[in-house]
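For reference, the structure discussed in these notes is given below.
The values are calculated or read from the model by the stated rules, or taken from the named source; none is laboratory data. What you see is a predicted model, and the numbers here were worked out from it, not measured in a lab. Every residue, glycine as well, gets a Cβ built from its backbone with ideal geometry; the counts of neighbours run over all protein chains shown. Please note that ligands, DNA and RNA were not included when accessible areas were found on the heavy atoms of the full protein model with its side chains. Shrake-Rupley method; radii C 1.70, N 1.55, O 1.52, S 1.80 Å.
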Amino acid sequence: MSIKTKTAIGIDALERDWTFAASKPDMAMRLRRLIAVKGIVKAPASLAIMPFAVAPRWIVYFVYLPDGALTDAHRFTLARLREGTAKVAVICAAATVGDVPAELRLMADALYWKALPGFDFSAYALAVREIVAHSPGADVLVLNDSVFGPFVPADSLWPQMAWDLTGFTASAAVQNHIQSYAFHIKALDRRKAQALRTIFPARFAFGDYRGAVFLQETRFATVAAKAMSVGALWYADGSRSDDPSLFAALALLEAGFPFLKRGLLGKHGAIYERAALLEVLADRDHPVDDLQR
């Protein structure tokens, strides 16, 4: 996936409240997708520790814990989500059920274990199936632990979700798509789940990140648009940046965006000065002690 810029951009480079418009991948990407199919594996094992129940709104938070340990960032996110009126579900990827932190039982209204393989889309697929089975018609906000936040009240997010499928950011990379670190599905029911069955498969997952990116994330909006309305709060058309969640991160925060990508303190650390990011987090009462080098 190409990146148009290696430097930060301003909010003026993005389009606000963008309604999805389909675009096609080039031939090289189509070939990559064919190769990525080889990464299919059996869907990871899972178990309902505390199952979903009927509720009008659910927030689903996916956490990846190969060492079985929550961080202060996880605790911050869960505390902020719990301040809202929606029920909170956690899908925890860990080596075994016994590695799921016991404290999560006190932080969530629903809790599921998922084996480690399969990336975040295998967790999303599990959540979609379980909500349709136990709380059909619920509005569902989904996020994973690749982001810090939210830095705004959770209840303030729901009125912004204008489409049946709403992404927080969208990109033109590969083809127009919503970025999958956070999104919302309005009135999730069996019909919508069926329309998304190739994105959230029940029987298989991808053991390689290329499958998750090329066959799930970047196809999500295109597949969804055949059965529902799709849009995003912010869109980058690729002329200045392919990833608004990274290259417009601080500009978005200043505009009231709820999240900050964790990767800005890691593999994408060249975009912003680390000290500036830590200051931004501290100003928003996010713990930073365990984020120091």
How many of the residues making up the stretch 50-72 are of a type outside the set (A, V, I, L, M, F, W, C) and in contact with a Pro (Cβ under 8 Å, 6 or more places away or on another chain)?
2
When you look at Ala232, is it farther than 22 Å from Ala123 by Cβ and within 20 Å of the chain's Cα centre (by Cα), yes or no?
no
Taking the stated definitions as given, is Phe247 more than 16 Å from the chain's Cα centre (by Cα), closer than 23 Å to Ala127 by Cβ and of a type outside the set (A, V, I, L, M)?
no
Please go through the stretch 109-141 and pick out each residue that is farther than 17 Å from Ala45 by Cα and either open to solvent by less than 10 Å² (accessible area, probe 1.4 Å) or of a type in the set (Lys, Arg) (or both).
Ala110, Ile131, Ser135, Ala138, Val140, Leu141
Cβ pairs under 8 Å, 6+ apart or interchain, first in the stretch 191-213 and modelled with pLDDT under 95, second open to solvent by 10 Å² or more (accessible area, probe 1.4 Å) and assigned to a loop (DSSP other than H, G, I, E, B), ordered by first then second residue, are Gly207/Pro117
Expected single match for without any contact (Cβ under 8 Å) to a residue 40 or more places away in the chain and part of a helix (DSSP H, G or I) among Ala28, Ala73 is Ala28
Regarding Ile59, is this residue more than 19 Å from the chain's Cα centre (by Cα), surrounded by 13 or more Cβ atoms within 10 Å (Cβ to Cβ) and either β-branched (Val, Ile, Thr) or part of a helix (DSSP H, G or I) (or both)?
no
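Of all the helices (runs of 4 or more DSSP H) wholly in the stretch 230-284, which have at least 3 residues that are among the charged types (D, E, K, R)?
In the stretch 230-284, 274-283 are the helices (runs of 4 or more DSSP H) which contain 3 or more residues that are among the charged types (D, E, K, R).
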So which residues in the stretch 147-162 are more than 15 Å from Ala282 (Cα to Cα), small (Gly, Ala, Ser) and open to solvent by less than 30 Å² (accessible area, probe 1.4 Å)?
Ala154
Members of the stretch 200-224 that are in a strand (DSSP E or B) and open to solvent by 50 Å² or more (accessible area, probe 1.4 Å)
Phe204
